[in-house]
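Colleague: Input: one structure, supplied below.
The values are calculated or read from the model by the stated rules, or taken from the named source; none is laboratory data. All figures in this text were calculated on a predicted structure; none of them were measured in a lab. For neighbour counting, all protein chains shown are included, and Cβ atoms are generated from backbone atoms with ideal geometry for every residue, glycine included. Surface areas here come from the heavy atoms of the whole protein model, side chains and all, with no ligands, DNA or RNA. Shrake-Rupley method; radii C 1.70, N 1.55, O 1.52, S 1.80 Å.
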Amino acid sequence: METKIAIVGAGASGLLAAKKLSESADMHVKLFEKGKQVGAKLRASGGGRANILNTDIRPCHYNRPDFMERLLARIGYAEVRDEFAAMGLRMSIDEEGRVYPATLYAPTVVNVLLEQLGSRVEVRCETPVRTLRQEDSRWRINDEPELFDRVILASGSPAGMIVKNQRGYNDYLTDLQIKRNPLIPSLTGFRMMAYPKLLFGCRVRANVRLLQHGRPVFEEFGEVIFKEDGISGIVVLNCSAHFNRLASKEDCEVSIDLLTGDGDTQSDRQLREHGSLSGILHPKLCELYAQQPFDLRDFRLKIAGTYGIESAQVCSGGICTEELTDRFELKRYPGLYAIGEMVDVDGVCGGYNLFFAFASALAATAGRGFYA
Ligand SMILES: Cc1cc2nc3c(=O)[nH]c(=O)nc-3n(C[C@H](O)[C@H](O)[C@H](O)COP(=O)(O)OP(=O)(O)OC[C@H]3O[C@@H](n4cnc5c(N)ncnc54)[C@H](O)[C@@H]3O)c2cc1C
């Protein structure tokens, strides 16, 4: 007999789950998507290039390392890469291990997934799931006439969405009383206190440290982008993921080493020999230094907070991992699965979040765990 499966959300995780289930002849899958098109966030990811994976996926890159350790023991970088390679997706890897489609065009990933769905998957766009009820051991979605044997929840998070679209997000979960941690924006820039506005528009490559009470919490090298009232860039987004994990946000600041890689005395020598820093610093930083000299190896900015969910790449929070089995099935609701960003697992910037979306889809649909 045919097994009827509903998937809520046609994003990165929902599309891959649908593809995997469509490989089995006895499955019929209905993919419910509230948006006009499938994979909207995936199409916009990585600045339109989709950084889908990273060659260095380890538990320490995530907020739930224990949970990730168990997942990675079964599904790691190679498994997800091979899955996409088997679909015909050519990939390219940059110097930092970030994996992109070789076209460097995010919609390629969506197209490859869509081409694989086949006739056993029915995609229903502009069909938001508003209610999900259990009737005996099966599931009813909205007022659909049919009941589903299994339901995969893959409806993501409101990260990166404009404010009006965030309201009521994932409300269909409320009646199920699944334990969820509050949603907090992650991978977002910092708003700063007493910020020198003249730096707006400046970009530097520097070593950046997140400090609390003057002690280092996290450190990374990368590009810092100075905005109107704060800073952004991959390295700053990663600092924000660590900032979000702090129990208290008190007395946090960022220290930027503007002379990363140079000798300690470079700025002194430059000043002595050339009478100016113009040859080694961005003009806006030179202007700031001229107004009031500061330590170029330890340029400090106090954190006022992060930018909101609308400018975040992911959310921290969501369905607690303790609610799930290792196969992403809800322990209290056999037959109901939750995958992707709606689970309280978030990673740093660099392909880690799409990896989790894809790996969780593979784990939930793998072998007998799903079909039994
Ligand atoms: C601007 C931006 C850039 C990013 N870049 C990267 C990157 O380069 N690399 C990386 O690893 N991560 C990146 N991310 C994060 C990554 O895109 C997400 O973590 C990933 O898409 C999550 O996949 P998902 O399937 O869980 O959710 P999504 O891809 O968000 O899919 C969820 C789907 O569910 C639908 N939905 C929601 N509610 C309902 C409902 N009630 N009924 C029906 N459908 C519903 C939504 O419309 C959506 O299509 C980026 C995020 C943003 C915002």
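Colleague: Is the range 325-335 home to any residue that is closer than 30 Å to L258 by Cα and touching a residue at least 40 places away in the same chain (Cβ under 8 Å)?
Modeller: no
Colleague: Name the single residue that is surrounded by the most Cβ atoms within 10 Å (Cβ to Cβ) among those in the range 200-256 being touching a Cys at 6+ places or on another chain (Cβ under 9 Å) and part of a loop (DSSP other than H, G, I, E, B).
Modeller: Among those residues, the one meeting the criterion is L246.
Colleague: Let me ask another. What do you reckon, is E126 closer than 21 Å to A44 by Cα, of a type in the set (D, E, K, R) and not in a helix (DSSP H, G or I)?
Modeller: Yes.
Colleague: Please specify each residue of the range 40-67 satisfying the condition of being among the β-branched types (V, I, T) and buried (at least 19 other Cβ atoms within 10 Å of the Cβ).
Modeller: I52, I57 - these are the residues of the range 40-67 that are among the β-branched types (V, I, T) and buried (at least 19 other Cβ atoms within 10 Å of the Cβ).
Colleague: Shifting gears a bit: Mind telling me which of the residues A194, A159 ends up being farther than 22 Å from K331 by Cβ, at pLDDT below 95 and away from the ligand (no atom under 12 Å from the Cβ)?
Modeller: The unique qualifying residue is A194.
Colleague: Considering only the range 136-172, state which residues are of a type in the set (D, E, K, R), open to solvent by 60 Å² or more (accessible area, probe 1.4 Å) and either assigned to a strand (DSSP E or B) or free of Cβ contacts under 8 Å to residues at least 24 places away in the same chain (or both).
Modeller: D136, R138, D143, K164, R167
Colleague: Then there is this: Just give me the residues in the range 121-133 being in contact with a helix residue (DSSP H, G or I) (Cβ under 8 Å, 6 or more places away or on another chain) and more than 13 Å from the ligand (Cβ to nearest atom), in sequence order.
Modeller: V121, R133
Colleague: Now a separate question. Restricting the first residue to the range 338-354 and requiring it to be assigned by TED's automatic domain parsing to the domain that holds G39, which pairs with a second residue that is within 6 Å of the ligand (Cβ to nearest atom) and of a type in the set (S, T, N, Q) meet a Cβ separation below 6 Å and a spacing of at least six or different chains?
Modeller: Note: pairs meeting the criteria are I339/S13; G340/S13; M342/S155; G347/N353; G351/N51.
Colleague: Okay, next question. Please verify whether the range 340-352 includes one or more residues that are of a type in the set (D, E, K, R), more than 29 Å from M161 (Cβ to Cβ) and open to solvent by 10 Å² or more (accessible area, probe 1.4 Å).
Modeller: Taking every residue of the range 340-352 in turn, none turns out to be of a type in the set (D, E, K, R), more than 29 Å from M161 (Cβ to Cβ) and open to solvent by 10 Å² or more (accessible area, probe 1.4 Å).
Colleague: Can you find, within the range 91-120, the residue that is farthest from the ligand (Cβ to nearest atom) among those that are polar (S, T, N, Q) and modelled with pLDDT under 95?
Modeller: Once the filter is applied, the top-ranked residue is S119.
Colleague: Within the range 307-339, count every residue that is within 14 Å of the ligand (Cβ to nearest atom), more than 16 Å from the chain's Cα centre (by Cα) and polar (S, T, N, Q).
Modeller: Residues flagged as within 14 Å of the ligand (Cβ to nearest atom), more than 16 Å from the chain's Cα centre (by Cα) and polar (S, T, N, Q) within the range 307-339 amount to 0.
Colleague: Being closer than 26 Å to L246 by Cβ, assigned by TED's automatic domain parsing to the domain that holds G318, of a type in the set (S, T, N, Q) and more than 9 Å from the ligand (Cβ to nearest atom) is true for just one of Q177, Q166. Which residue is that?
Modeller: Answer to the selection: Q166.
Colleague: Report whether or not Y100 is open to solvent by less than 10 Å² (accessible area, probe 1.4 Å), of a type in the set (S, T, Y) and touching a helix residue (DSSP H, G or I) at 6+ places or on another chain (Cβ under 7 Å).
Modeller: Judged against the criteria, Y100 is not a match.
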